[in-house]
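For reference, the structure is listed below as structure tokens.
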There are 2 protein chains.
Amino acid sequence: MYYEKLNRLFSPNAIAVIGASDSFDKLGYHVMKSLVKGNCRQPIYPVNPNAQTIWGIKAYPSIMDISDPVDLAVIVVPARRVPEALKECGKKGINGVVIITAGYKEIEGEEGKILEDEIKSIAEAFEIPIIGPNTFGFVNITDGVNASFTYEFSLIKNGGVTLISQSGGFCHLCGFLAMEERMGMAKLMSLGNRVNVDFPEAVKYFLEEDEATKVIALYIEGIENPRALFETIKSAKKKKPVIAYKAGRSEKGDAASRFHTGTLAGNYRIWKGALRQAGILEVNSSEELIDTAKVLDICPFMKESRVAVLSSQAGPGMIASDTIESLGLKLSTFSDKTQENINHLLPPFAIRTNPVDMGPAWYSPETILNILKVVAEDENTDGIIFIAIFASANLNLLADMEKIIKDMEPFNKPVIACFNAPHGVWDDNIKHIDGKKGIAIIHTPERAARAMANLYKISLSVS
Amino acid sequence: MYYEKLNRLFSPNAIAVIGASDSFDKLGYHVMKSLVKGNCRQPIYPVNPNAQTIWGIKAYPSIMDISDPVDLAVIVVPARRVPEALKECGKKGINGVVIITAGYKEIEGEEGKILEDEIKSIAEAFEIPIIGPNTFGFVNITDGVNASFTYEFSLIKNGGVTLISQSGGFCHLCGFLAMEERMGMAKLMSLGNRVNVDFPEAVKYFLEEDEATKVIALYIEGIENPRALFETIKSAKKKKPVIAYKAGRSEKGDAASRFHTGTLAGNYRIWKGALRQAGILEVNSSEELIDTAKVLDICPFMKESRVAVLSSQAGPGMIASDTIESLGLKLSTFSDKTQENINHLLPPFAIRTNPVDMGPAWYSPETILNILKVVAEDENTDGIIFIAIFASANLNLLADMEKIIKDMEPFNKPVIACFNAPHGVWDDNIKHIDGKKGIAIIHTPERAARAMANLYKISLSVS
């Protein structure tokens, strides 16, 4: 029953917005904008006793006045009015609620805590799963339901990464980084005060029930019962890669976490060990989170840690190689057959051993992709970093490669590519190649290498 | 005399392109494009015996046929014809030469080495400083002279960072990252095979002679006499921040370096110590190089290591704080007066101690900037990380802040800001605020924190 309700919450048949508004200054305006401009295909019911229509859609004085069934209600009325609204949701038979309103456990004084306890018992009585309170909401990219106050999340590419965050601000940061890096997402959300949907419930749902989710990324500040999360992941029926970014590592950061979410972040060293034991890969920055999740969504796992670096320019290939080795991976030694094939493709003055300098072949996209193909078939190589940096003379390189890649077989080894160019020059080609045939494009050679190292670590624990 | 000639090389009165071409397939086409489309204001003389005009400009059979004086010649003819072209440059009285042509010391076999030795002795006889051979050239952003085969470098913002690179590919990567991050540059170049202008000569020139250069960034693979570089920096009459990215750290990377530039990169641990002793700050990625150089160009130095984090969203403030503390900086404790002022500006339910959660003031750009001002005056704070992440409801925040910042006094402490938003939304405001009043905008909270840590390290050694 519980998971059935979470399913109705995240993929609702219809959505009511309690506190919907036509005024830009109200969050109820922005939630409506997200649903309407985000092209939500399900019926939207604005609820506001003081309006006939909102965003041009017929409004209802109360959720009780809507005659059709409604799965999800998004609540944005002031804190004190939320319990009453929630009760009405219960009576209406709502299956899930998002409470965006803040001003509960996270603020000073008793009133917020009392209100939150009230919300909790109403939710319990009616068996309603709640995201929040004190959240920006969630976005279901898979089905086009943007139940948040930020419309722009609807511009994120559809894909397999689900981000479960304890901070709305962090979710916004990562959502925008995801757009920049063309990372495909399934869902993103901030759990807010976690009145009854906490990390274990959310993670279990996305591990076991949501087909669209291929990779789970967590942003954790502090939780009361971390063990429940770890046990959920260890005992899950389905295995999916789980990565986590743990904030509140330092003393002062920890104190801030206590204020922010009402819980202490706790001793970071204990967390570090516990994450590792639960098979969760820890990442150390927002960009590492994005890069790693993206690669896990696109690329196959690695058998061993032997990496080939193929670069159209020697310098960027060197820094990728340095990073590969500094993170504990190995540069592969090509088999005799592979080396022979490369020697046929490149002139003798090029560096033809790993890291391969494909510079002399910059005028020939066919040659460059033949090298990639030959190395992808090398028995001593488990993953490939593939680099091309723009220069005025290789303007057409990516367009030509795009055409050839379209008809190639998918690579059965991870290919992490790095294509750098001035804004506007290769953008469309990068967009078209990214994610195809197992190729993940990452912004710099060093970040590509780090994502490969993380892919290898996850390959060891998941496969 | 030598520096006078380097000055004429980098800021020439007129430029000849030996091997200029109208055919896209030739590098001589792209060098012409860089100069012409890069809006070079100095006379350009295409040299090519087989054409009347090139890029619509009158062409000359030989550089000797140009009657006016010419400071700089860019040579792109095939390797074997370069010595003769260089001799003609000498006879013409050219002050500096860029040899883009490759195929010398860096290739297998004796011929390349013999040709390079010949070039070296001709340069010596005529006392001509040479950038290259085997280089993409250089770009003087300050004066608008793009003597390279990549026109797009002309789009880089004018500023104080000079990049001296041992790899053309790395220079391209960094140039494009610089554009993305709006880093202002003075000059960028690849030294190529360093026939007579090596790191010590270039660094000395940009330290002591080039007023536009405020910060020097080096990308080093391997050099024969690192001590000469270190001595140059230690004994320089002018002190400017110098940062370095050392590649070829690992065994295989080192081997690649030997092929790429003809020199071994050498033992990385020895390099690490030597860089530190010479007061050169080491960076560990291309993005760290860009972020650090940019902050060094824009921000004042730090007195001590006490940092305040002011964020419009708690989560991103936490990850900045974590990074600040993990890199050895301290989160400042505000003076009583500062804390009192902040308490007047923010409601009691906000986190008003460091890291400050300015969330409740998101609707008021005045309040947010007043907090920034108050903290910039705090006697216990040496630097500020200032974060605002977009949400649909704070759409106008940056436009409003831009208007207020325009009339503010410059900050006498570093303010590293992080403004994240979907593409297109805040881009113009970010562009207008970046670099003004001592505010440097860096892409993520963690990178902002790392750039602050590097600024502190340099502050200790330079100021």
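Can you compute the FRET efficiency between B:Ala236 and A:Asn39 using 1/(1 + (r/R0)^6), with r the Cβ-Cβ distance and R0 = 60 Å? Round to the nearest 0.05.
The calculated FRET efficiency here is 0.50.
Give me the angle, in degrees from 0 to 90, between the Cα long axis of helix B:286-298 and the longest principal axis of the Cα atoms of chain B, rounded to the nearest 10. Tilt of helix B:286-298: around 70 degrees. The residue of chain A whose Cβ sits closest to the rotation axis that maps A onto B, together with that distance in whole Å, is A:Glu287, 4.
Using all pairs of distinct alpha-carbon atoms, the Kirkwood hydrodynamic radius of chain A works out to 23.7 angstrom. Here the convex hull built on the C-alpha positions of segment B:156-298 has a volume of 94 cubic angstrom per residue. A simple packing score, the average count of other Cβ atoms within 10 Å per residue, orders the peptides A:187-197, A:43-53 as A:187-197, A:43-53, with the highest score first. Taking amide H positions as modeled 1.01 Å from N, with prolines and chain starts lacking one, the residues under 5 Å from B:Val74 and 5 or more places away or on another chain are B:Ala16, B:Val17, B:Ile18, B:Val98. Distance between the modelled labels on A:Arg81 and A:Lys403, one decimal in nanometres: 6.1 nm (7 Å Cα→Cβ projection). Remark on segment B:355-443: hydrodynamic radius 13.3 angstrom, per the Kirkwood mean of 1/r across alpha carbon pairs. Under the shape rule built on the C-alpha gyration tensor, where the axes satisfy a ≥ b ≥ c, segment B:300-462 is rounded, since a/c falls short of 1.5.
Stretch A:Glu211-A:Gln277 to full length: gain in nm at 0.36 nm per residue minus the Cα-Cα span? Contour length minus Cα-Cα distance gives 21.2 nm. Counting every pair of alpha carbons in segment A:342-404, the share spaced more than 20 Å apart comes to 25 percent.
Label-to-label distances for B:Asp143 across copies, nearest first, come out at 6.5 nm, using points 7 Å from Cα in the beta-carbon direction. Step through the table entries B:Lys113/B:Lys157; B:Lys187/B:Lys240; B:Lys239/B:Lys272; A:Lys330/B:Lys105, compare each Cα-Cα distance with 26 Å, and write down the pairs that go over it. From B:Lys113/B:Lys157; B:Lys187/B:Lys240; B:Lys239/B:Lys272; A:Lys330/B:Lys105, over 26 Å: B:Lys113/B:Lys157; A:Lys330/B:Lys105. Between 0 and 90 degrees, the angle of helix A:336-345 with respect to the longest Cα principal axis of chain A falls at about 80 degrees. Of the three principal axes defined by the Cα atoms of the protein assembly as shown, the extents in descending order read 94, 64, 51 Å. Shielding of peptide B:174-182 by partners, expressed as the average count of other chain Cβ atoms within 10 Å per residue Cβ, is 3.
Taking a ≥ b ≥ c as the square roots of the eigenvalues of the Cα gyration tensor, segment B:1-133 is classed as oblate, since a/c reaches at least 1.5 and a/b does not exceed b/c. Per residue of peptide A:418-424, the mean number of Cβ atoms on other chains within 10 Å of the residue Cβ is 5. For B:Met64, the label point sits 7 Å beyond Cα toward Cβ; its separations from the matching points on the remaining copies run 10.3 nm, from shortest to longest. Using the empirical formula 2.2 N^0.38 Å as the baseline, the Cα radius of gyration of segment A:66-135 reaches a ratio of 1.05.
For segment B:124-146, the residues whose amide N sits under 18 Å from a probe point set 7 Å from the Cα of A:Leu395 along the beta carbon direction are B:146. Entry note, the protein assembly as shown: the mean residue ellipticity at 222 nm calculated from DSSP H runs of n ≥ 4, each adding -39500 (n - 2.57), is -12000 deg cm²/dmol after division by the residues and rounding to the nearest 500. Per residue of peptide B:278-287, the mean number of Cβ atoms on other chains within 10 Å of the residue Cβ is 3.
Fewest Cβ neighbours within 10 Å first, please rank B:Glu110, A:Glu231 accordingly.
With the fewest neighbours first, B:Glu110, A:Glu231 line up as B:Glu110, A:Glu231.
For A:Gly109, the distances from its label point to the matching points in the remaining copies are 8.4 nm, ordered from shortest, with each point set 7 Å beyond Cα toward Cβ.
Between the Cα long axis of helix B:27-37 and the first principal axis of chain B there is an angle of about 50°, rounded to the nearest 10.
No value in this document is a laboratory result; all are computed from the given coordinates. Because the structure is a prediction, the values reported are computed rather than measured. Backbone-built Cβ (ideal geometry, glycine too); neighbour counts: all protein chains shown.
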